[in-house]
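For reference, the structure discussed in these notes is given below.
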Amino acid sequence: MKKKSIAVLFGGCSTEYEVSLKSAASVIDHLDRNRYHIVMVGITREGKWLKYHGSTEDIRLDRWHAHPACLPACLSPSRDAGGLLALIGTEYHVTPVDAVFPVLHGKNGEDGTVQGLLELSGIPFVGCGSLSSAIGMDKAIAHTLVRAAGIETAESVTIYDDEPLWTRRWTPRQDWDSRCM
């Protein structure tokens, strides 16, 4: 039986970068290498995508991006490419990928952005699609939709970035819910 090629994405432009590294290292350590060929793809804090060929210990210790075998890479949004494009010398080479396991946390990882890229590429991936990921990251919208579906939720207040806290007068939930719709 031919091994499936699984790309594991980690890192990213997020305040949860370190959590992603630890999570990805654990996922990589526990994937069955007899069944899966693992393609590791790290995203630096600055947003540079690199195909990585090193240890999970270097991922955990955030040394992965300094590995000499790292290659600039990206997932192609084109369905005919079907995989990871890596720059080798002056040419791009395609590494076919059967599925992607995005182990990214926070903004630019689990907010629907990467999921949208994966949906464009046509490559199957682990987790929610772009819409449900985006809704799940926006707690005010998620709260409003869940309540609209008739599910009881805990009391909550949404505070927006452009509103100073010291002038906020706390009001009943219905005033806040109407602002979130």
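Observations, loosely collected:
- Over the chain: helical MRE at 222 nm, DSSP H runs n ≥ 4 each giving -39500 (n - 2.57), nearest 500: -8500 deg cm²/dmol
- Residue-normalised accessible area of region 1-153, expressed per residue, 1.4 Å probe, Å²: 54
- Within-12-Å neighbourhood charge of Asn108 [Cβ basis; K, R +1; D, E -1]: -2
- GNM flexibility winner over the chain from Ala140, Ala86, Ala148 (Cα, springs under 10 Å): Ala148
- The relative contact order of region 1-130, computed from alpha carbon pairs under 8 Å that lie at least 6 residues apart in sequence, is 28 percent.
- Projected onto their three principal axes, the Cα atoms of region 64-120 cover extents of 33, 30, 17 Å, largest first.
- In this structure, the pairs whose alpha-carbon distance is over 26 Å, taken from Lys48/Lys107; Lys51/Lys107; Lys4/Lys139, are Lys4/Lys139.
- Sequence of Met137, Met40 from largest to smallest accessible area, 1.4 Å probe: Met137, Met40
- Each Lys and Arg contributes +1 and each Asp and Glu -1, all at the Cβ; summed about the Cα centre of region 46-150, the dipole is approximately 220 debye.
- Antiparallel bridges, percent of DSSP beta bridges restricted to the chain (to nearest 5): 50
- Angstrom value of the Kirkwood radius, inverse mean 1/r, which spans all Cα pairs in the chain: 18.3
- Viscosity 1.306 mPa s, 10 °C: Kirkwood-radius Stokes-Einstein D of region 1-48 over Cα pairs, µm²/s: 139
- Fraction of accessible area attributable to carbon and sulfur, region 28-151 (%, probe 1.4 Å): 58
The values are calculated or read from the model by the stated rules, or taken from the named source; none is laboratory data. Quick caveat, the model's predicted, so the values are computed rather than measured. For neighbour counting, all protein chains shown are included, and Cβ atoms are generated from backbone atoms with ideal geometry for every residue, glycine included. Remember, those area values only see protein heavy atoms, side chains included, never the ligands or the DNA or RNA. Shrake-Rupley method; radii C 1.70, N 1.55, O 1.52, S 1.80 Å.
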